[in-house]
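Q: Attaching a single structure in structure tokens format; questions to follow.
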Amino acid sequence: MKIKTYIILIIASLLLFPKANFCQDNSDSTKFQWFADAKLGIFIHWGIYSVNGIDESWSFYNGLISYEDYMKQLSGFNAENYNPKEWANLIKESGAKYAVITSKHHDGVALWDSKFSDLNVVKKTPAKRDLLKPFVKALRKEGLKTGIYYSLLDWSNDDYPNFTKEKKRYENDSIKWDKFVKFNFGQITEVMDNYNPDLMWFDGDWEQSAEQWHATEIRELLHHKNSNIIINSRLQGYGDYATPEQGLPIYNPKDKLWELCMTMNDSWGYQPNDKNYKTPYEVIRIFSDVISMGGNLLLDISPRADGTIPEEQIKVLEELGRWNKKHSKAIFGTKAGIPREYYAGPSTTSANGKILYLFVEGNPKGPIMLKGIKNKVENIWVVGKGSKLNYDIKMKAWWSSVPGIVFIDLPANLTDKYLSIIAVQLEGNKIKLHEFTSN
Ligand code: FHN
């Protein structure tokens, strides 16, 4: 059967026999609001690569280990101490509002019992069970949104052209490629039917074009299953939001919705030798920059093969959670802050536009400076402590339209262990910035 016919049949079957619980009301145009408000998600890279603690999929692709030896890790992936409820609770405590877990990485090893491939943890590893279902259930119990990571490319699949950096299975073989596309549609349908994720996090799209992936039909399939689903950018231009990776944007990205995905050390999967962990301060500082530019941070954790989470990563999540809890009003549900020309640090604005939150690094001795704000200042306090702060307005010439400079006195005991946040309540419900010119 021609692949086009196959895909048309899939879509038609959805139209004729939609899954009642998946065909949600498409009238909800605010389906992205939860994502925009979420600010923090936790990424989970968990697969057989955690057995030897080597690069996920890339270790065999780049020839660091033979494919055969890479696949020997199947026998060590036992998930014997896996506790999805504990994972979900830790994620909740971190302040994160969603999690994205790898269902299948480029190595083709599925974390569920796929009908389309025996290369999965149920059939080929001592884990012997669907590892996604209990986690998705636990996330939902904690009131968290669910994201599923799925690699479009599959270097293990005999119908997929690429195998390793050195070896290709074929250049052009429409019969094999059509078989692979059917396989992909089959597994994506399984993921949607089994887990009904709120967010689909595709990866590996770079190896083929949108046409070759049938990206539009994949998008249609997802929307038919769940019209509120959010899709990341990695569907060759058919996604909903940008996904910069391991690189903090210097300027506010143009994208309305974007999410920086970042590791805690330098590895996506569990690698005990990688001790280059960001400190809790560094993670919070990066997170502050991301939300000041209106983005989300998707912070990665990498469980061991037995399902336990490295202690260094638990510590970061706990510290992040404490800081988030204390400063939640300045973080969750906020919008991007003001440009650095107006305040020389990260900032966010409340959804109602009345409060400007200024993030303060360290423990500055002198007052902090805020300039170019046309709104009248009504009140200033320390977030999480409530202490009101004194401030002066300087250089406000009665004849000039240029707003005065607000100097805010900081108390000696301001220091939060990481960053402190100052709330500046302004008159009106929209922050008006003076377009500063030299004259
Ligand atoms: O190749 C993958 C990589 O292993 C990892 O999963 C990251 C996470 O965003 N995505 C791809 C590289 O961009």
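Q: So which aspartates and glutamates can Lys326 reach, going by Cα to Cα under 13 Å and dropping same-chain residues fewer than 8 places off?
A: Output for Lys326: Glu93, Glu318, Asp416.
Q: Rounded if a/c is under 1.5, else prolate if a/b is larger than b/c, else oblate: which is region 110-241, with a ≥ b ≥ c the root eigenvalues of its Cα gyration tensor?
A: Verdict is oblate for region 110-241.
Q: Report the net charge of residues surrounding Lys72, where surrounding means a beta-carbon distance below 14 angstrom and charges are Lys +1, Arg +1, Asp -1, Glu -1.
A: Here the charged neighbours net out to -2.
Q: Could you calculate, for region 335-426, the ratio of the Cα radius of gyration to the Kirkwood radius, expressed as Rg to Rh?
A: 0.95
Q: Hey, how many Å between the Cα centroid of region 240-255 and the Cα centroid of region 363-388?
A: 29 Å
Q: At 1.4 Å probe size, with every protein chain present, just tell me what the per residue accessible area of region 359-416 comes to in Å².
A: 59 Å²
Q: Still on this structure, please answer the following. Among 192-199, 116-123, how do they line up by average Cβ neighbours within 10 Å per residue, starting with the highest?
A: 192-199, 116-123
Q: Over region 193-296, what portion of Cα pair distances is larger than 20 Å, expressed as a whole percent?
A: The calculated P(r) of region 193-296 puts 52 percent of pairs beyond 20 Å.
Q: Take the cross-link list Lys123/Lys176; Lys141/Lys179; Lys97/Lys278; Lys145/Lys385; Lys97/Lys371; Lys225/Lys325 and give me the ones stretching past 27 Å between alpha-carbons.
A: Beyond 27 Å: Lys141/Lys179; Lys145/Lys385; Lys97/Lys371; Lys225/Lys325.
Q: Now for a different question. Quantify, in whole percent, the carbon and sulfur part of the accessible surface of region 86-211 (1.4 Å probe; protein heavy atoms only).
A: About 48 percent, which is the carbon plus sulfur part of the accessible surface.
Q: Using the Cβ atoms and a cut-off under 15 Å, what net charge is assigned to the surroundings of Lys374, where Lys and Arg are +1 and Asp and Glu are -1?
A: The answer is +2.
Q: Heavy atoms only, probe 1.4 Å: what % of the accessible area of region 362-417 goes to carbon and sulfur, would you let me know?
A: Here it works out to 58 percent.
Q: Excluding Ile408 itself, what net charge comes from residues whose Cβ is under 12 Å from its Cβ, given Lys and Arg +1 and Asp and Glu -1?
A: The answer is +1.
Q: How are the C-alpha pair distances of the chain spread across 10 Å bins, as whole percents from the shortest bin up?
A: All Cα pairs considered, the percentages come to 4, 20, 28, 23, 14, 8, 3, 0.
Q: How large is the dipole of the chain about the Cα centre if only Lys and Arg carry +1 and Asp and Glu carry -1, each at its Cβ, rounded to the nearest 20 debye?
A: I would put it at about 1520 debye.
Q: Report, in degrees rounded to the nearest 10, the 0 to 90 angle that the Cα long axis of helix 174-195 makes with the longest principal axis of the chain.
A: With rounding to tens, the tilt is 60 degrees.
Q: Using Cα-Cα distances under 8 Å and only pairs 6 or more residues apart, what relative contact order does region 335-426 have, in percent?
A: Taking the mean separation of contacting Cα pairs over the length of region 335-426, I get 35 percent.
Q: Still on this structure, please answer the following. Can you give me the angle between helix 215-225 and the longest principal axis of the chain, using Cα atoms only, in degrees from 0 to 90, rounded to the nearest 10?
A: Compared with the principal axis, the helix lies near 80 degrees.
Q: As I understand it, the value is the acute angle between the Cα axis of helix 311-326 and the longest principal axis of the Cα atoms of the chain; what does it come to in degrees, rounded to 10?
A: Once rounded, one gets 40 degrees.
Q: Something else now. For the chain, what relative contact order do you get, as a whole percent, if you take Cα pairs closer than 8 Å and at least 6 residues apart?
A: Relative contact order comes out at 16 percent.
Q: Per-residue ellipticity at 222 nm for the chain, helices alone: DSSP H runs ≥ 4 residues times -39500 (n - 2.57), over residue total, nearest 500 deg cm²/dmol?
A: -8000 deg cm²/dmol
Q: Restricting to Cα atoms and excluding each atom paired with itself, what does the Kirkwood estimate give for region 254-360 in Å?
A: Computed over Cα pairs of region 254-360, the Kirkwood hydrodynamic radius comes out at 15.0 Å.
Q: May I ask you to give the solvent-accessible area per residue for region 298-349, in square angstrom, as obtained with a 1.4 angstrom probe?
A: 36 Å²
Q: Going by amide H atoms built from the backbone, whose H comes under 5 Å of the H on Asp240, apart from near neighbours?
A: Those qualifying (amide H under 5 Å, at least 5 residues apart or on another chain) are Ile231, Asn232, Ser233.
The values are calculated or read from the model by the stated rules, or taken from the named source; none is laboratory data. The structure displayed is predicted, hence computed values, not measured ones. Because the Cβ atoms are built from the backbone with ideal geometry, glycine has one as well, and the counts that use them run over all protein chains shown. Surface accessibility is based on the protein's heavy atoms, side chains included, excluding ligands, DNA and RNA. Shrake-Rupley method; radii C 1.70, N 1.55, O 1.52, S 1.80 Å.
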